[in-house]
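Have a look at the structure below before the remarks.
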Amino acid sequence: MNKGYLCLVLHCHLPYVRHPEHENFLEEDWLYEGITETYIPLILLFERLLNDGVDFRLTMSLSPTLISMLGDRLLQDRYIKHINRLIELAHREVERTRWQPEFQHLANMYLGRFYECRNTFERYHRNLADAFKSFQDAGKLEIITCGATHGYLPLMEVVRPSIRAQIKVAVSHYEKALGAKPRGIWLPECGFVPGFDELLKEAGLKYFFSDAHGVLHGSPRPKYGVFAPVYCKGTGVACFGRDLESSKQVWSSIEGYPGDYNYREFYRDIGFDLDYEYIRPYIHPDGVRINTGIKYYRITGSENKQPYNPCAAQEKAAEQAGNFMFNRQKQVEYLCDFMGKKPLIVSPYDAELFGHWWYEGVMWLEFLLRKVVFDQDQIRLVTPSEYLAENPRNQVITPSLSSWGWKGYSEMWLQGANDWIYRHLHAASERMTELAKSYPETGGLVKRALNQALRELLLAQSSDWAFIMGTGTHTSYAVKRTKDHLLRFARLYEDIKAGAIDEGWLSDIEYKDNLFPEIDYRVHQ
Amino acid sequence: MAKVKTQTIKRKATRQRKSVVTREPAKKEIFGAQQVAVEQAKFYPPQQASRPARVMPQELPFGYGQDKIILQVRDPWWIHAYWEVRSQIFDALREQLKDDFYKARRVLRVYDVSYIIFNGKNANRFFDIHIHEHSNNWYIDTGGPGRSWCVDFGLLLADGRFITIVRSNTVATPLAGPSWITDEEWMIPDDAFARLYGMGFGFGRSSPVGKAWQERLKKALFSGVFASPGMASPVKKIPGARKFWLAVNTELIVYGATEPDAKVTVQGNPINLRPDGTFTLRFALPDGKQVIPVKAVSCDNQEERAITPVVNKETK
């Protein structure tokens, strides 16, 4: 009999970046890197587990913007171009490193991986969301939704219709893409404010996640801390609190696993290391050096970086997976006695940490899942829905305002560098509500303009833009996206009100900002 | 009844971050009017665009012609206010107050409205923050987690009268620690809760309540500390200040030409020729001796040529 549960959650999100108007667009690489380094490795991992009959459980959020990009023809075609270029580069690398066996086997490793990526991508007919769907259909993966464009909801409190739109658009998009209703939601950045649960309930969602203090600072005191979910007072929507002990083993930049000296060094990429003329065809056409994904060194622990050794790294990943499991066993054992019931450990991570940042992360996850399933019986992997089905009686509290961002609240998205956006975002939200009220029924061009207005508003709300502005580096793209969408919205608003919609221009922005084809502006109420 | 008295706030100047209106320098916008016109001409026949085209705004407006103040919660202690008041409102006040207007100060009056239905007069307490004429937003240190707040933007006259220009929404700051309210049905002794609390934050079983949260803040265990949103920005980690460095590597280029249909091997490995029969190979060149036999065989296997460069490389 198990003594407790482990709920692993991977949050997959990328902002909507798609620029058909440019042949090459640097920020589109976020998606291509995500596909090559995180999403496909995860898919291959799930396939291996299924083939080997490993009865694993994992919860995964797929943000609607990510699902949309994965399903977009233009981006799919561009990914093929991207991976073909990488394959070509890897071939050249195999040749170039002929006299350096310590690097050549790595060049071969990348070559193999890039081919595997292309094959996998084609195998799922270029739409990776279908791959994740198949694992959900197999009962191993529970996919949850997220805000439509990952808007940070606590800073929309004064424009509730926008929160409703973020949630409802996400839910209907999920249904269309995955053929079922989502049971849970990953609130963007775990941003929660008491009362949001009403909107979740309205959208048919049964649960969400919050950071530890969302539950621990809730009222009344949660009897089981974060080791059991709570129901929100008044709505009964379940809130799962994040366990920080398990989080910090992976997250912490100081003590976390990814910093092990045997692991691959993220910052030594041939895009920066190699001769400019040689690497020129594989970096940005403007000539800006970028990461290619081919990296030959390990973290080493000093400036004199040593060549990466995949076998040593793999051993380390196995050891650390064992360590993680051991710690959870101890944790669960202690808590089970202490609480007098089986504790639930909720460990959520940004998916892009695995594979992209932490190259061995996917391997670590594979070892962990296999070990937990086969090597012990104290902890059982569980999804939130399964847990709730088995443990329907839980305490009712009001969780606290919280996020999992810097300092635990809203400061990341509300600081000197980005606070200027809210007066514009809120004004646009109010105007959207006004439009939705003014046009309860409409059709034709006006309807198209209204739907596009909501798309532009949602895109402007992506938390990613405020986040990037907050980090203070490479802010120009984030500023530009915020302004572009707000300006497009403003013009749509004016044109609709004036009864003078410019169809040519509307078609153009429909073509550029083409996500959520089925959107209905009336959800913004 | 709250006493109408200005409570001067004695907070360190550094804690009151005055934030200036952040406005990006006007940059070339892709969707400027001209650009739109060009794009329209490109994608659509001109007769469709014959309607006088509405000009695409280049910049976000400074305001929206509204009179309002909006509060948002930043964290348990701080709230942010932004506001907009049309100049007509000030004109009217100037008209009405005459000289007094010029002696008046612009003020944010911050009301603690916890557990009440605020009617403008029944605040638990309030304090004023003097605002510069050109400010349009402010971070307010409430010093009060777990309470509700409402803010008036207005004029404080020399005689102590306060004139409200706009009143904000009400916001509630979250608690900065665990709730003191317990649930009879889900009772837990204090020391037991303290243990769970510390463990939830990942700091073992003995951390006192509240301490764990502070610890966590210090250790910066938050999403986004480790990874940026989405993927990495395409930039290399910047080496520390004044960390001078040099890296030197060598590569060797081997190139040549033969009949386009010949078969060529380099160090025994077949290589592809360009259509004109030339070839170029590029190798990372480590220290030591490299013997590089290049062999070409004619397509009918009748003829063979071999040239073997030998390269010695050393690093001093």
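Summing both sides, the accessible surface hidden between A and B at a 1.4 Å probe radius is close to 9900 Å².
Here's the list of aspartates and glutamates a cross-link from A:K201 could span, going by alpha-carbon distance under 18 Å and ignoring same-chain residues fewer than 8 apart: A:E157, A:E175.
Counting Cβ atoms of other protein chains within 10 Å of each residue's Cβ and taking the mean over peptide A:393-406 gives 4.
Once the Cβ-Cβ distance between B:D261 and A:E255 is put in as r, and R0 is 41 Å, what FRET efficiency do you end up with, to the nearest 0.05?
0.10
Taking label positions 7 Å along the Cα-Cβ direction at both B:D190 and A:E198, the computed distance is 3.5 nm, reported to one decimal.
Selection among A:L425, A:P440, A:Q452 by position relative to the dipole of region A:415-523 gives A:L425 as farthest towards the positive end (Cβ unit charges, Cα centre).
Within the straight-line cut-off of under 12 Å between alpha carbons, the aspartates and glutamates reachable from B:K316 are B:D287, sequence neighbours fewer than 8 places apart in one chain being disregarded. Shown in residue order for region A:283-290 are the 3J(HN,Hα) couplings computed by the Karplus curve 6.51 cos²θ - 1.76 cosθ + 1.60 at θ = phi - 60°: 9, 5, x, 6, x, 6, 5, 9 Hz (x for Gly and Pro). Per residue, the accessible area of region B:250-316 comes to 66 Å² when a 1.4 Å probe rolls over the protein heavy atoms.
Below 8 Å between Cα atoms, with a sequence gap of 6+, how large is the relative contact order for region B:68-172 in percent? Working shown, then result.
Details: 200 pairs, mean separation 37.8, N = 105.
Averaging sequence separation for qualifying contacts and normalising by length gives 36 percent for region B:68-172.
Residues whose amide H comes within less than 5 Å of that of A:S61, counting only those at least five positions distant or on another chain, are A:L10, A:H11, A:C12, A:I144 (H built at 1.01 Å from N in the peptide plane).
If you take the Cα centroid of region B:139-153 and the Cα centroid of region A:304-374, the two points sit 42 Å apart. How much accessible area per residue does region A:220-332 have, in Å², with a 1.4 Å probe? Using a 1.4 Å probe on heavy atoms only, each residue of region A:220-332 averages 36 Å².
The peptide list B:300-307, B:134-141, A:291-298, put in order of mean Cβ contacts within 10 Å with the highest first, becomes A:291-298, B:134-141, B:300-307. Proximity of backbone amide H atoms, modeled 1.01 Å from N, is registered between A:V396 and A:Y231 at under 5 Å, excluding neighbours fewer than 5 places apart on the same chain. Secondary structure note: in chain A, about 20% of the DSSP beta bridges are antiparallel. Spin-label model, A:V396/A:E88: points 7 Å from Cα along the beta carbon direction are separated by 6.4 nm.
Within the same chain, aspartates and glutamates fewer than 8 places from A:K316 are excluded, and of the rest, those with a Cα less than 14 Å from its Cα are A:D260, A:E360, A:E366. Along region A:270-281 the Karplus relation, 6.51 cos²θ - 1.76 cosθ + 1.60 evaluated at θ = phi - 60°, assigns HN-Hα couplings of 5, x, 9, 7, 8, 3, 4, 4, 5, 8, 3, x Hz to successive residues, with x for each Gly and Pro.
For the cross-link pairs A:K133/A:K168; A:K233/A:K483; A:K233/A:K341; A:K176/A:K206, the ones whose C-alpha atoms lie over 27 Å apart are A:K233/A:K483. Computed from the Cβ-Cβ distance with R0 of 51 Å, the FRET efficiency linking B:D100 to A:T442 stands at 0.50.
Its Cα gyration tensor gives region A:345-456 an equivalent ellipsoid, and the semi-axes of that ellipsoid, as √(5λ) in whole Å with the largest first, are 42, 22, 19. Less than 5 angstrom separates the built amide H of B:R74 from those of B:I79, B:H80, all sequence-distant by 5 or more or on a different chain. Applying a length cut-off of 24 Å (Cα extent along the axis) and a mean Kyte-Doolittle floor of -1.0 to the DSSP H helices of chain A leaves A:73-96, A:101-123, A:160-178, A:310-339, A:421-438, A:444-461, A:475-498. The mean count of C-beta atoms from other chains within 10 Å of the C-beta of residues in A:153-162, rounded to a whole number, is 2. Per atom type, region B:250-316 shows carbon and sulfur on 51% of its accessible surface, probed at 1.4 Å.
Add -39500 (n - 2.57) for each DSSP H run of 4 or more in the protein assembly as shown, then divide by its residues: what number comes out at 222 nm, to the nearest 500 deg cm²/dmol?
For the protein assembly as shown, the value works out to -11500 deg cm²/dmol.
For the pair region A:1-52 / region B:159-196, the C-alpha centres are spaced 39 Å from each other. Counting only other chain Cβ atoms within 10 Å of each residue's Cβ, the peptide B:177-190 averages 5. For chain A, the relative contact order comes to 22 percent (Cα pairs under 8 Å, sequence separation of at least 6).
The values are calculated or read from the model by the stated rules, or taken from the named source; none is laboratory data. Bear in mind the structure is a predicted one, so any value in this text is a computation, not a measurement. Ideal geometry is used to build each Cβ from the backbone, glycine not excepted, and the neighbour counts take in all protein chains shown. For the accessible areas, the whole protein counts, side chains as well, though only heavy atoms, and no ligand, DNA or RNA atoms are used. Shrake-Rupley method; radii C 1.70, N 1.55, O 1.52, S 1.80 Å.
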